[in-house]
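Participant: Structure incoming, see below.
The values are calculated or read from the model by the stated rules, or taken from the named source; none is laboratory data. Here the structure is a predicted model, which is why all the values come from computation and not from measurement. Cβ atoms come from the backbone with ideal geometry, glycine included; neighbour counts cover every protein chain shown. Just the protein is used for accessible areas: all its heavy atoms, side chains included, with ligands, DNA and RNA removed. Shrake-Rupley method; radii C 1.70, N 1.55, O 1.52, S 1.80 Å.
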Amino acid sequence: MTITLLSSDCPELHLVHRGKVRDMYSIDGHDDKLLMVATDRISAYDVVMDDPIPGKGAILTRMSLHWFDLLGDVVENHLITADVSEYPAVCQQYRDQLENRSMLVKKTKPLPVECIVRGYISGSFWSAYKKSQIVSGFDLGEGLKESDKFSKPLFTPSTKAEIGDHDENISYAELEDKVGVDMAKKLSDISIALYSKAADYAREKGIIIADTKFELGEIDGKIILIDEVLTPDSSRFWPLDEYAPGKGQPSFDKQFLRDYLSSLDWGKTPPPPRLPQEIIDKTKLRYEEALERITGK
């Protein structure tokens, strides 16, 4: 049984970073590895809630493992093992926190950008398009409706912000300035290949991947896929059988939470409001449905 985990506590490991969802540890004697723990924390509007979504970390982990396996022929990833029994001995005492929600991964140098691919116009991209048909350097032309599909997937990188700050979209030319011409092309090619294969697979399972965010890193001069991949936290999943362009779509993510928070007199800054049990339960069910549809489990 996976426990509900708001924050991991592994004192004999070294906490490297506590993100919105994941806690990252280094391990003595294993300088080339990191332990990544997916907690049950949930964030909205770049604020981490005080109330967890039980089992969320395990769902994100299982989904990432599924995609790592499916996409391994597109690009190598950082996974070593998700079997706690194969972790270094010092980790075993924390099995109750690590079981089903952690990965032992290769230590990499993360690249300083978010690799976002959009197959449909939604979210911040739709908001920007309503102001100008040129968005992130792309001339999208006239007449697009909210949730329309692009003729081909768009690679729209962004900066990688600290917790509490917002990522900012950058143009491809700005990406070239940031990482170099050759690296920019590699990031674009890999990201679009990953998205295209995943989107085709998900569509067969009744899910549209409207957009998603990949994290890529370098190890020994090679680009590899890191962090989580294609989860409801990093992607916009829509039910195919309900898709109707011209409006926002229902989604397998934290939309119940966002809608609830938007109804409050809350400035979208810490401290966050407490979450009603109904919102926690509905959010959990949506994540579980996404996992079941995509993995069949």
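Participant: Every residue in region 1-35 that is under 16 Å from Asp233 (Cα atoms), in contact with a Leu (Cβ under 8 Å, 6 or more places away or on another chain) and touching a residue at least 60 places away in the same chain (Cβ under 8 Å), please.
Facilitator: Val21, the sole residue that qualifies.
Participant: Has region 190-211 got any residue that is without any contact (Cβ under 8 Å) to a residue 60 or more places away in the chain and of a type in the set (A, V, I, L, M)? Working first, answer last.
Facilitator: Within region 190-211, the subset without any contact (Cβ under 8 Å) to a residue 60 or more places away in the chain is 196, 200, 203-204.
Then drop every residue that is not of a type in the set (A, V, I, L, M), which leaves none.
Scanning region 190-211 turns up no residue that is without any contact (Cβ under 8 Å) to a residue 60 or more places away in the chain and of a type in the set (A, V, I, L, M).
Participant: Could you please tell me which pairs satisfy a Cβ distance under 9 Å, a separation of 6+ or placement on different chains, a first residue in region 167-186 that is in contact (Cβ under 8 Å) with a residue 40 or more places away in the chain and closer than 18 Å to Lys213 by Cα, and a second residue that is of a type in the set (Phe, Trp, Tyr) and open to solvent by less than 30 Å² (accessible area, probe 1.4 Å)?
Facilitator: Once the first residue is in contact (Cβ under 8 Å) with a residue 40 or more places away in the chain and closer than 18 Å to Lys213 by Cα and sits in region 167-186, its partners that are of a type in the set (Phe, Trp, Tyr) and open to solvent by less than 30 Å² (accessible area, probe 1.4 Å) give Asn169/Phe125; Leu175/Phe155.
Participant: Please work out which residue is surrounded by the fewest Cβ atoms within 10 Å (Cβ to Cβ), limiting yourself to region 3-15 and to residues that are in contact with a helix residue (DSSP H, G or I) (Cβ under 8 Å, 6 or more places away or on another chain) and either under 17 Å from Pro54 (Cβ atoms) or among the small types (Gly, Ala, Ser) (or both). It would help to see each step written out before you state the result.
Facilitator: Filtering region 3-15 for residues in contact with a helix residue (DSSP H, G or I) (Cβ under 8 Å, 6 or more places away or on another chain) gives 3, 5, 8-10, 12-13.
Still in the list and also either under 17 Å from Pro54 (Cβ atoms) or among the small types (Gly, Ala, Ser) (or both): 3, 5, 8.
Working: Ile3: 14, Leu5: 23, Ser8: 22.
So, considering only residues that are in contact with a helix residue (DSSP H, G or I) (Cβ under 8 Å, 6 or more places away or on another chain) and either under 17 Å from Pro54 (Cβ atoms) or among the small types (Gly, Ala, Ser) (or both), the one surrounded by the fewest Cβ atoms within 10 Å (Cβ to Cβ) is Ile3.
Participant: Moving to a separate point now. Tell me which residues, restricted to region 126-149, are within 27 Å of Leu240 (Cβ to Cβ) and among the β-branched types (Val, Ile, Thr).
Facilitator: Val135
Participant: Moving on. Strands (runs of 3 or more DSSP E) wholly in region 176-283 with at least 3 residues that are open to solvent by 10 Å² or more (accessible area, probe 1.4 Å) and modelled with pLDDT of 95 or more - which ones? I'd like the intermediate steps shown before the answer.
Facilitator: Details: elements: 207-219, 222-226, 235-239.
Filter on region 176-283 gives 207-219, 222-226.
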